[in-house]
Amino acid sequence: MEGGRSSRRWRFASPNPAVAAAGERSVRRYLLDLHGCLDERGPRPVIPLSVGDPSSCPSFRTAPEAVEAVATALRSGEFDGYPSRDTNLAARRAVAEYLSCDLPYKLSPDDVLLTSGCTQAIETVMSVFGQPGVNILLPRPGYPKHEAHAVFHKMEVRHYDLVPERGWEVDLEAVEALADENTVAIVIINPNNPCGSVYTYEHLSKIADTANKLGMLVIADEVYGHLVYGSTPFVPMGVFGETVPLLTLGAISKRWAVPGWRFGWIAICDQKCILKETKVFHSLRSFRMLTGDPATFVLGAIPHIMKNTNDEFFSKIIKLLKETAEICYSEIKEINCITCPHKPEGSFFMMVKLDISQLSDISDDIDFCRKLAKEESVMVLPGTALGMENWLRITFASEPPKLKQGLERVKSFCQRHQSQVN
Ligand SMILES: *Cc1c(COP(=O)(O)O)cnc(C)c1O
């Protein structure tokens, strides 16, 4: 065969197997699979309750001030090259000021590294800490990109559980049991994707104490920062910068609903200068010099986006998410084989448990999602993609009527497949 001959001849024929393996487990891969199951000629429009990108819904359209800032930057012709030092500094200063509003101390522009979305922030931290022999603690359920980049960089991944009965809090006893002298960091996601949970000040304080005790860094993925609408306010992990050194990862992707603009950051919260003394700070900065900057016209627009976005935009989105979370929670309550252990208070996801035993011809969460896509043209993400078999992640950042319609279809699907009680 042609393929056999080429692999003998070409020396590059065996790329790093970890890359293909991670690709197979990525959210995108699961969604591609579901796309393949859709009945394209079906009479009803597809309702995706699976992707974390609401930008295509008119109600979630970003703030006009933000669009104006980018358009102005682009039209000026001043941001077509690589970013100047001034442009870069102004953007870092804007992010530092934005984050400092919620902290008991001030971050300086030097504490901020700019990245192309939160994804590159993740890649950067994993590159800097990754080496053989080292391990990192990641949540389960989790965000697959954390794991993929940790594995690419030769780290051992250890999962700690989020406890559904306790509002998806971190199981801190498990964290203590998992950590050893080679554990470099614990990653937390707050507000949480996929659980929709928001950690209280007290819980975050316990996480900080535990990390300090175990001598590990906290990496806080706060890409959903401020997207909260329940009784728990958003507290940035950086508030505990005196207790433990930490890195906060963020982006404008979710709060401004512009994941396509690819702008994110790493904030180094190091009140005790531990990251400076241990050279981590230096390594992070060195690594960033090797990678590309975000698009220059977005950099140029950032100071305006951060200063001029109207509060009305943020409150409109929060009000909408509160409404859609409520719709999602109450619709799911009506479905026998699906339970939601905790009503979402932040982000735009809900993690729900599937009781397979109540369904007659469905073998697991993946089978459920495939058949749901085929029969009802509704897409939800199987929990397996996030490390939780027989759970589902539902995205509710959608137009309310469309969300209701999608969940109605899930309901009739479940009724149709319910096992017959004898
Ligand atoms: C969406 C998301 C990211 C990636 O953000 P981008 O800015 O789009 O790269 C990172 N972490 C979590 C938990 C996310 O949900």
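All of the numbers you see were taken from the coordinates with simple rules; none came from a lab. Computed from a predicted structure; not experimentally measured. So basically every Cβ, Gly included, is an ideal-geometry build from the backbone, and we count neighbours across all protein chains shown.
At 0.36 nm per residue, minus the direct Cα-Cα distance, what do Ala177 and Ala18 gain on full extension? Give it in nm, one decimal, please.
On the way: separation 159, 0.36 × 159 = 57.24 nm, distance 2.71 nm.
Fully extending the segment from Ala177 to Ala18 adds 54.5 nm.
Counting only C-alpha contacts under 8 Å and six or more residues apart, can you give the relative contact order of the range 64-308 as a whole percent? Before the final figure, lay out each step's value.
Values: 454 pairs, mean separation 67.1, N = 245.
Once normalised by length, the contact order is 27 percent.
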- Computed lengthening from Glu156 to Arg11, 0.36 nm per intervening residue step minus Cα-Cα distance: 49.4 nm
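So what is the relative contact order of the range 232-368, in percent, for Cα pairs below 8 Å that sit 6 or more residues apart?
Normalised by residue count, the contact order of the range 232-368 is 13 percent.
Quick one: work out the % antiparallel among DSSP beta bridges in the chain, nearest 5. Mind showing how you got there, number by number?
Details: 23 of 43 bridges.
Antiparallel bridges make up about 55 percent of those DSSP assigns within the chain.
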- If you average the sequence gap of Cα pairs under 8 Å that are 6 or more apart and divide by the length of the chain, what percent do you get for the contact order? 23
- Rounded if a/c is under 1.5, else prolate if a/b beats b/c, else oblate: with a ≥ b ≥ c from the C-alpha gyration tensor eigenvalues square-rooted, which is the range 46-105? oblate
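The range 1-88: Rg/Rh from Cα coordinates, Kirkwood Rh?
1.18
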- Note on the structure: For 344-352, 129-137, ranked highest to lowest by mean beta-carbon neighbours within 10 Å, the order is 344-352, 129-137
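Given the pairs Lys154/Lys322; Lys254/Lys333; Lys272/Lys319; Lys316/Lys374, which span a C-alpha to C-alpha distance of over 32 angstrom in this model? Intermediate values should be presented prior to the final figure.
Numbers: Lys154/Lys322 40 Å; Lys254/Lys333 27 Å; Lys272/Lys319 38 Å; Lys316/Lys374 34 Å.
Over 32 Å apart, Cα to Cα: Lys154/Lys322; Lys272/Lys319; Lys316/Lys374.
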- Message: Using only Cα atoms and rounding to the nearest 10 degrees, what angle (0 to 90) does helix 64-76 make with the longest principal axis of the chain?
- Response: 50
- Which of Phe240, Gly230, Trp261 sits closest to the plus end of the dipole of the range 64-308, meaning its Cα is farthest towards the positive end, when Lys and Arg get +1 and Asp and Glu get -1 on the C-beta? Trp261
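Under the classification rounded if a/c is under 1.5, otherwise prolate if a/b is larger than b/c and oblate if not, where does the range 284-422 fall, given a ≥ b ≥ c as square roots of the Cα gyration tensor eigenvalues? Intermediate results must be reported in sequence, preceding the final value.
Numbers: a/c = 2.99, a/b = 1.86, b/c = 1.61.
Prolate, because a/c is 1.5 or more and a/b exceeds b/c.
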- Note on the structure: Shape call for the chain, from the Cα gyration tensor axes a ≥ b ≥ c (a/c under 1.5 means rounded, otherwise prolate when a/b beats b/c, else oblate), comes out rounded
- Task: State, in angstrom, two size descriptors of the range 224-335 derived from its alpha carbons: Rg to one decimal place and Dmax to the nearest whole number.
- Result: 18.0, 55
- Item | Between the range 220-273 and the range 349-405, the Cα center-to-center distance that results, in Å | 29
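With +1 on each Lys and Arg Cβ and -1 on each Asp and Glu Cβ, and nothing else charged, work out how big the dipole of the chain is about its Cα centre, in Debye to the nearest 20.
Charge dipole of the chain: 1060 debye, to the nearest 20.
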- Message: Give the separation of the Cα centroids, the range 11-44 to the range 156-200, in Å.
- Response: 27
